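Notes follow once the structure below has been shown.
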Amino acid sequence: MKRLALMVIAVGSLVFAAATAAAANSGADVETSSVSFVMTSADCSNLPPGTTVTGTGTEKSITVIRTDRNGVTTIINSTHAFGTATDQAGNTYVFDYNNEFRVSDSTVTPGVFSGLMSDHFSLAGPGPAHLVNGFLARINTDFSTFTFDPLNSRGDPIDFATGAAHCDPL
């Protein structure tokens with residue numbers, strides 16, 4: 001829950017900070033940053049018991065914000081991260097993460113956005129930890145809270161009621 005809340009705050013800050021820049025030049029806001037995670041079998045039911053996986057990598061996030069002549073704002077974000085991870089036994093893995101969403105507000109409820117989000121996290125390597133998780137969901141947000149209405153889910157990515165991470169640490 002804490003990680004998702006921090007992600008929401010970060011994305012919200014990015015979106016609102018990017019709004020001014022995007023409006024000024026009608027371009028995309030591109031950010032590249034380092035990412036890291038620690039995932040345990042206590043959080044992720046798809047990891048073997050006693051497993052802890054620690055990962056680091058690079059993330060690139062591209063955000064475009066457009067407001068049409070009627071005042072409806074659409075936010076499109078695509079984020080991709082990749083990197084390496086190790087488990088407690090020293091096994092090495094690679095991970096891949098993709099998240100995309102497209103949300104719009106309305107003139108009736110400005111600042112409340114709804115749309116679709118797709119999310120994918122995979123972990124592969126010679127050790128026993130192998131993950132393929134993701135979802136497609138309708139989302140509603142004011143960028144301080146998110147609600148998810150899952151349309152499809154595979155693996156055990158998150159708790160859709162609370163947003164807590166399970167097997168999708170990013």
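What the table below lists for this structure:
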| quantity | calculated |
| --- | --- |
| Simple spin-label estimate for His80 and Leu136 in nanometres, 7 Å along Cα-Cβ | 2.0 nm |
| Karplus 3J(HN,Hα) series, Hz, for segment 155-161 with 6.51 cos²θ - 1.76 cosθ + 1.60 (x for Gly, Pro) | x, 9, x, 8, 8, 5, 6 |
| Highest average packing first - 115-121, 103-109, 140-146, Cβ atoms within 10 Å | 115-121, 140-146, 103-109 |
| Karplus-derived HN-Hα couplings along segment 128-137 (A = 6.51, B = -1.76, C = 1.60, θ = phi - 60°), whole Hz, x at Gly and Pro | x, 8, 10, 9, 9, 10, x, 7, 10, 9 |
| 5 angstrom amide H check on Thr51, placed H, neighbours 5+ away | Ser41 |
| Computed lengthening from Thr58 to Ala42, 0.36 nm per intervening residue step minus Cα-Cα distance | 3.2 nm |
| Packing-based order for 58-70, 89-101, using average beta carbon neighbours within 10 Å, highest first | 89-101, 58-70 |
| For segment 69-81, 3J(HN,Hα) per residue [Karplus equation, 6.51 cos²θ - 1.76 cosθ + 1.60, θ = phi - 60°, Hz, x = Gly/Pro] | 5, 8, x, 7, 9, 10, 10, 10, 10, 10, 10, 10, 10 |
| Fully extended contour minus Cα-Cα distance, from Arg154 to Leu116, at 0.36 nm per residue | 12.0 nm |
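Every read-out reported here was derived from the displayed coordinates using simple, explicitly stated rules and does not represent laboratory data. These numbers were taken from a predicted model, which means no experiment stands behind them. Counting neighbours? That spans all protein chains shown, and the Cβs are built from the backbone with ideal geometry, glycine included.
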